[in-house]
Amino acid sequence: GLNFIDLMVRQGNIDNPPKTPLVPGFECSGIVEALGDSVKGFEIGDRVMAFVNYNAWAEVVCTPVEFVYKIPDDMNFSEAAAFPMNFVTAYMMLFEVANLREGMSVLVHSAGGGVGQAVAQLCSTIPNVTVFGTASSFKHEAIKNSVTHLFDRNADYVQEVKRISTDGVDIVLDCLCGENTGKGLSLLKPLGTYILYGSSNMVTGETKSFFSFAKSWWQVEKVNPIKLYEENKVIAGFSLLNLLFKQNRGGLIKSVMDKLLNLYNSKKIKPVVDSLWALEEVKEAMQRIHDRGNIGKLILDVEKAPTPLMANDSTETSEAGEEEEDHEGDNENKERMPFIQ
C-alpha cells in the first residue's frame, strides 16, 4: 500500500526519519513463505496482509506474527494491501477516540482518499450519521454517494458546514493541519472531538521544504487549554504507526482488525483501490497521491510490469504542491514543480 506518510518519510517531514538506504512502506499483502519456530495459527501458503515497520515495498517481507492477519476468501491481494492502514485508522478515530454514535455528524478532509473513503463507509454502518467531506472538484461525481454533503477543497467549507448545521459538527478528522486546525476547532459542537491524524500540508513540491513546512506550521492555531475547558471541546491526535511500533498496542489493533473483517465479510465495507503500479513506477505513483489525483488507495504490485504513462495522466497535468491554494483551472498557466526531483 502507498500512503501519504510514505511521502512524508521521503521528504523527512517526520520525527527521526530513518537513514538511507531504505525500503519504504508500512503495509502489504502476500503469501506466507516461511514461519518462525514458535509461530502458531499460520501455515506456509496462507494468504495474509500485514503491517510492517518499513520494508513493505519489497518482494519478500519479514514481520512479527502479531502484525499479520489472514485475508478473507472474497478479498483479493490488492484490496488486502489497501485494507489495514486505512480502515484501522478510520475505525479507531471514529469509535475508539471520538466514540461515534447514532445521529452524530463528522467532517472529513480528503474524502476521496483511502482513509476518507474508509471513514465514509464506517459512518454508514451507524444510523443517521451525517458526513461532511471536502475533496477536489473533479472527484465529486465519483464519491458523491459516499458522503452526505460534499464541498470543494478550495471552498470556504466552514461557512458551508455552518449553513447546513448552524452549531457545527461532532467530529472533525483532519489530515491536512496548517490553517485547517483552527477551522476544525471552530466547527466543533460542545463535547465535540477534533482529531489530527496527518499533516499533508507539510509536504510540498519543493526539494527543500523547510520554509513551506514552517509556513504551514505557523498557520496552526495555538491551542489554549482554558478555551477548550470553557467551550467543552476535545482535541486529540492519532498515529497508527506509533501505536503499533512504538507503543506496543498490537493486541488492540488485532481486536479492531477482527471487527473490521467481520464488517467486510458481512459486505458492509470494502476497500477502494484507485490503481495498481509496478515498483518501477513508484515515482509516478507518489506524484499521483501527492497531487491528490487518486480516489481510494494506490497499490504497488511487485508482479506488475511497468506501463507507459498517458499524456493526459494526472501526474503530468497537475501542479504538485499548489493544489491547496490554487483553484481548478489555474494550473495551466504555471510551471509545474514536480514532487520527485
Q: Report the net charge of residues surrounding PHE42, where surrounding means a beta-carbon distance below 12 angstrom and charges are Lys +1, Arg +1, Asp -1, Glu -1.
A: -1
Q: Can you spot the lysines whose alpha carbon is less than 20 Å from LYS259's alpha carbon? Ignore those fewer than 8 places along the same chain.
A: LYS70, LYS267, LYS268, LYS270
Q. Where does the charge balance sit around LEU298 when Lys and Arg score +1, Asp and Glu -1, over other residues with C-beta under 9 Å from its C-beta?
A. +1
Q.
Probe radius 1.4 Å, ligands and nucleic acids left out: which of LYS297, LYS183 has the largest accessible area, and how do the rest follow?
A. LYS183, LYS297
Q: Determine the sum of side-chain charges near ILE126: Lys and Arg each +1, Asp and Glu each -1, restricted to other residues whose C-beta is under 15 angstrom from that of ILE126.
A: 0
Q. Using the Karplus equation 6.51 cos²θ - 1.76 cosθ + 1.60 (θ = phi - 60°), what ³J(HN,Hα) coupling, rounded to whole Hz, does each residue of region 79-84 give in order, writing x for Gly and Pro?
A. 4, 5, 6, 8, 8, x
**Q.** Contact order normalised by residue count of region 83-134, Cα under 8 Å, 6+ apart, percent
**A.** 44
Q: Search the structure for amide H atoms under 5 Å from the amide H of GLY113, placed 1.01 Å from N in the peptide plane, and list their residues when 5 or more places away or on another chain.
A: GLY296
Q.
Amide H of SER105 versus every other amide H placed in the peptide plane: which residues, excluding those fewer than 5 positions away on the same chain, fall under 5 Å?
A. THR130, ASP170, ILE171
Q: Using only Cα atoms, locate the centre of region 39-53 and the centre of region 238-311, then give the distance between them in Å, rounded to an integer.
A: 17
Q: Give me the accessible area per residue for region 1-137, probe 1.4 Å, as a whole number in Å².
A: 43
Q: Name the residues whose placed amide hydrogens come within less than 5 Å of the amide hydrogen of ILE235, ignoring near sequence neighbours (fewer than 5 apart) on the same chain.
A: TYR194
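The values are calculated or read from the model by the stated rules, or taken from the named source; none is laboratory data. Because the structure is predicted, anything quoted here is derived from the model rather than measured. Counting neighbours? That spans all protein chains shown, and the Cβs are built from the backbone with ideal geometry, glycine included. These accessible areas exclude ligands, DNA and RNA; they are computed on the full protein's heavy atoms, side chains included. Shrake-Rupley method; radii C 1.70, N 1.55, O 1.52, S 1.80 Å.
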